[in-house]
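Asker: Quick one: this structure, given as structure tokens, is what I'll be asking you about.
The values are calculated or read from the model by the stated rules, or taken from the named source; none is laboratory data. What you are looking at is a predicted structure, and each value in this text was computed from that prediction instead of being measured. So basically every Cβ, Gly included, is an ideal-geometry build from the backbone, and we count neighbours across all protein chains shown. Just so you know, the surface numbers come from the protein's heavy atoms only, side chains and all, with ligands and any DNA or RNA stripped out. Shrake-Rupley method; radii C 1.70, N 1.55, O 1.52, S 1.80 Å.
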Amino acid sequence: QVQLVESGGGLVQAGGSLRLSCAAFGRSIDNDAMGWFRQAPGKEREFVATINWSGDSTYYAESVKGRFTISRDNIRRTVTLQMNNLKPEDTAVYYCASARDGFIRTMEFEYVYWGQGTQVTVSS
């Protein structure tokens, strides 16, 4: 079993940047694809970004493409989401998750372990 802990959320003005981190505890995540999802108030949770086990393949939601970058450090057991040019519509609770295998995954049901989430608020 793996425990995922997110950090780095906060309040930022539109156009600003934030860097979210996800730390894994309990076991290695070397073989797991990792992903970020988000849930805005009153909305369903949605996919944001994913990275494969080795870090050489990534995939993004259209709404964040070109602004967000996902990366990983398997030695430190961390996954990072760099968010630039933030918009008010990026306001949400952001969740880190580990997938059932090492390949790119975009659907919630393909993820096994989830963090508790970190709040990101972008003011206009």
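Per-residue answers, yes or no, for (1) under 15 Å from residue 113 (Cα atoms); (2) more than 15 Å from the chain's Cα centre (by Cα); (3) not charged (D, E, K, R):
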| residue | (1), (2), (3) |
| --- | --- |
| 18 | no, no, yes |
| 27 | yes, yes, no |
| 36 | yes, no, yes |
| 39 | no, no, yes |
| 49 | no, no, yes |
| 54 | no, yes, yes |
| 63 | no, no, yes |
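Asker: In this structure, is residue 79 within 18 Å of residue 40 (Cβ to Cβ) and either over 14 Å from the mean Cα position of the chain (by Cα) or not polar (S, T, N, Q) (or both)? Reasoning before the result, please.
Answerer: Working: within 18 Å of residue 40 (Cβ to Cβ): no; either over 14 Å from the mean Cα position of the chain (by Cα) or not polar (S, T, N, Q) (or both): yes.
No: the conditions fail for residue 79.
Asker: Now for a different question. Pairs needed: first member in region 1-26, on the phi > 0 side of the Ramachandran plot; second member anywhere, part of a strand (DSSP E or B); C-beta distance under 6 Å; at least 6 residues apart or different chains.
Answerer: 8/19; 8/20; 8/21; 26/3
Asker: Just to be sure I understand the filter: pairs with C-beta atoms under 7 Å, separated by 6 or more residues or on different chains, first member in region 39-56 and under 16 Å from residue 77 (Cβ atoms) and at pLDDT 95 or above, second member part of a loop (DSSP other than H, G, I, E, B) and charged (D, E, K, R). Which pairs pass?
Answerer: Sorted first by the residue in region 39-56, then by its partner, the pairs are 53/30; 53/32.
Asker: From the list 73, 90, exactly one residue is in contact with a strand residue (DSSP E or B) (Cβ under 9 Å, 6 or more places away or on another chain), surrounded by 22 or more Cβ atoms within 10 Å (Cβ to Cβ) and charged (D, E, K, R). Which is it?
Answerer: 90
Asker: Hey, can you tell me all the residues within region 8-22 that are under 23 Å from residue 102 (Cα atoms) and open to solvent by 30 Å² or more (accessible area, probe 1.4 Å)?
Answerer: Step one: of region 8-22, the residues under 23 Å from residue 102 (Cα atoms) are 20-22.
Within region 8-22, just 21 meets the criteria.
Asker: While we're looking at this one, here's another question. Let me confirm something: among 104, 70, 51, which residue is under 24 Å from residue 3 (Cβ atoms) and touching a Lys or Arg at 6+ places or on another chain (Cβ under 9 Å)?
Answerer: Being under 24 Å from residue 3 (Cβ atoms) and touching a Lys or Arg at 6+ places or on another chain (Cβ under 9 Å) holds for just one of 104, 70, 51, which is 51.
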